[in-house]
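**Q** First, the structure itself, so that you have it in front of you.
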Amino acid sequence: MLKHVKVSVVLIAVSCLPVWAQRSNVRAGRGYREAADFVMAQLALKPGQVIVDIGAGDGWWTKHMADRVGADGRVYAGEVVQNKVDAIRNRYVDTPQIKAYRCPMDGTGLPDHSCDLVFLSKTYHHLEGHVDYLRHLTQVTKASGRLAVVELHMALASGQSKDHAWQPGLLTQQAEEAGWILQTYSMIPGSDHFIAVFIKPAFLKAKIDEALGARNEDS
Ligand SMILES: C[S@@+](CC[C@H](N)C(=O)[O-])C[C@H]1O[C@@H](n2cnc3c(N)ncnc32)[C@H](O)[C@@H]1O
């Protein structure tokens with residue numbers, strides 16, 4: 001009898017392992033990577049675009065974006081840790097549109113109006129002086145430029161993971177203060193992370209005026 005109980009406990013434990021592993025992956029922040037196609041769809045990248053991936057880490061998102069902007073595009077992979085810059089350079093030596101570089105803590109280090117998109121995945125919570133940083137990003141991006149932020153949702157974080165999470169409402173408030181406006185917001189399927197994409201109000205207004213003008217011409 002005792003032997004049967006022991007076997008059953010082992011079987012239940014083993015059968016729960018995949019679920020537990022998946023859950024702990026999500027908690028550790030890896031779950032959002034499995035939804036890469038979803039994240040890329042939110043970014044709607046075009047060949048030839050110039051992107052900066054701030055806090056690029058191991059360059060995983062950098063490579064996904066580089067594949068979409070193609071050989072005529074460019075993805076700057078900004079990192080504050082030199083080892084990570086070197087590792088990205090070595091790993092993606094065959095993807096010349098990836099330019100890994102050591103960026104300063106308080107900015108991208110890139111020229112004004114040079115980027116179509118600034119991408120920050122699980123890096124926003126590391127920044128200091130959030131509104132000033134976001135203001136700098138309005139300068140680095142073109143008039144049509146966008147900002148995309150991926151973070152663990154604070155309401156779904158617990159324990160130590162709260163130190164690596166952010167509130168979407170606070171992000172939106174800080175972004176608006178810095179001169180951005182929310183374009184899209186979504187939870188990333190299968191994860192506890194969200195993605196928020198921001199654009200510039202003047203660009204949005206120009207698009208609305210254009211659409212209204214076209215409608216008036218039709219009528
Ligand atoms: C949690 S990792 C995220 C890596 C990658 N973006 C991802 O989603 O898998 C955060 C990265 O941000 C980098 N980082 C921290 N502060 C930064 C700053 N002020 N500017 C640029 N990168 C920063 C860290 O070195 C680290 O590699």
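**Q** Residues to consider are 184, 172, 108; find the one that is surrounded by 18 or more Cβ atoms within 10 Å (Cβ to Cβ) and of a type in the set (S, T, N, Q).
**A** From the options 184, 172, 108, the qualifying one is 108.
**Q** Pull up segment 47-59, narrow it to residues that are within 11 Å of the ligand (Cβ to nearest atom) and assigned to a strand (DSSP E or B), then point me to the one that is farthest from residue 96 (Cα to Cα).
**A** Within segment 47-59, the subset within 11 Å of the ligand (Cβ to nearest atom) is 52-59.
So of that shortlist, the ones also assigned to a strand (DSSP E or B) come out as 52-54.
Working: 52: 15, 53: 15, 54: 18 Å.
Only one residue fits best here, namely 54.
**Q** Hey, can you tell me all the residues within segment 60-69 that are among the aliphatic types (A, V, I, L, M) and more than 16 Å from the ligand (Cβ to nearest atom)? Quick ask: steps written out before the conclusion?
**A** Of the residues in segment 60-69, the ones among the aliphatic types (A, V, I, L, M) are 65-66, 69.
Matches in segment 60-69: 69 only.
**Q** Quick one: which strands (runs of 3 or more DSSP E) lie wholly within segment 97-184 and hold at least 2 residues that are away from the ligand (no atom under 14 Å from the Cβ) and of a type in the set (D, E, K, R)?
**A** Working: elements: 98-102, 115-121, 141-153.
Because the criterion is at least 2 residues that are away from the ligand (no atom under 14 Å from the Cβ) and of a type in the set (D, E, K, R), the strands (runs of 3 or more DSSP E) in segment 97-184 that meet it are 141-153.
**Q** Kindly check whether there is at least one residue in segment 70-93 that is at positive phi, more than 8 Å from the ligand (Cβ to nearest atom), surrounded by fewer than 21 Cβ atoms within 10 Å (Cβ to Cβ) and in a loop (DSSP other than H, G, I, E, B).
**A** yes
**Q** Taking residue 44 and the conditions (1) within 19 Å of the chain's Cα centre (by Cα); (2) among the small types (Gly, Ala, Ser); (3) over 18 Å from residue 124 (Cα atoms); (4) within 13 Å of the ligand (Cβ to nearest atom), which numbered condition does it fall short on, given that it satisfies the others?
**A** (4)
Values quoted throughout were computed directly from the atomic coordinates according to the rules given, and no laboratory measurement underlies them. Source: prediction; values computed, not measured. Ideal geometry is used to build each Cβ from the backbone, glycine not excepted, and the neighbour counts take in all protein chains shown.
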